[in-house]
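Asks: Would you mind keeping the following structure in view while I ask a few things?
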Amino acid sequence: MQDGRGERAYFPEMTLAVEPNNGLVLAVEVNGPAPSAVERQNTIAGVLEKSDMLPAEIIVDSVTVANLVETITRHLGIKLSVGPTPALDAAKEEVLWFA
């Protein structure tokens with residue numbers, strides 16, 4: 001990805017929100033290269049803010065991501081779990097297929 005013509009290309013970081021039961025992609029946000037923890041948290045908070053309703057639970061695929069979103073989920077009363085995310089994994093594969 002490039003921000004402008006003639007600028008150095010980079011691999012962006014994406015935030016995907018996926019409904020685990022049916023695999024529906026609820027949100028896709030793209031950050032620039034190497035976003036800070038605060039930028040990542042702001043992206044996640046923005047995804048939640050745009051949704052019509054808050055989820056009862058958020059399942060993430062790593063402790064690293066859990067540590068990043070824990071403050072947000074605790075503040076909003078959302079259960080946070082770390083575990084398998086087959087719907088997210090499938091969505092990631094689809095995104096990479098188009099890359």
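The values are calculated or read from the model by the stated rules, or taken from the named source; none is laboratory data. What you see is a predicted model; the values in this text were computed from it and never measured. We place every Cβ from the backbone using ideal geometry, glycine too, and count neighbours over all the protein chains shown. Ligands, DNA and RNA are excluded from the accessible area calculation, which covers all protein heavy atoms including side chains. Shrake-Rupley method; radii C 1.70, N 1.55, O 1.52, S 1.80 Å.
Asks: Among the residues of region 59-97 satisfying the criterion of being assigned to a helix (DSSP H, G or I) and basic (Lys, Arg), which is modelled with the lowest pLDDT?
Replies: So, considering only residues that are assigned to a helix (DSSP H, G or I) and basic (Lys, Arg), the one modelled with the lowest pLDDT is LYS92.
Asks: I would also like to ask the following. As an exercise: evaluate ALA56 against (1) open to solvent by 80 Å² or more (accessible area, probe 1.4 Å); (2) at pLDDT below 90 and give the number of the one condition it does not meet.
Replies: Against the list (1) open to solvent by 80 Å² or more (accessible area, probe 1.4 Å); (2) at pLDDT below 90, ALA56 comes up short only on (2).
Asks: Looking at region 3-22, I want the residues that are more than 24 Å from GLY46 (Cβ to Cβ) and open to solvent by 50 Å² or more (accessible area, probe 1.4 Å) and have a partner that is part of a loop (DSSP other than H, G, I, E, B) and of a type outside the set (Gly, Ala, Ser) with Cβ atoms under 6 Å, at least 6 apart or on another chain. Which pairs are those?
Replies: ALA9/GLN2
Asks: Right, something else. Quick one: count up the residues across region 42-53 that are part of a loop (DSSP other than H, G, I, E, B) and surrounded by 13 or more Cβ atoms within 10 Å (Cβ to Cβ).
Replies: Number satisfying all stated conditions: 0.
Asks: Would you be able to say whether some residue in region 41-50 is among the small types (Gly, Ala, Ser) and modelled with pLDDT of 90 or more?
Replies: Yes, there is a match, as at least one residue in region 41-50 is among the small types (Gly, Ala, Ser) and modelled with pLDDT of 90 or more.
Asks: Please specify each residue of region 9-28 satisfying the condition of being outside any loop (DSSP other than H, G, I, E, B) and touching a Leu at 6+ places or on another chain (Cβ under 8 Å).
Replies: Result: LEU16, ALA17, VAL18, VAL25, ALA27, VAL28.
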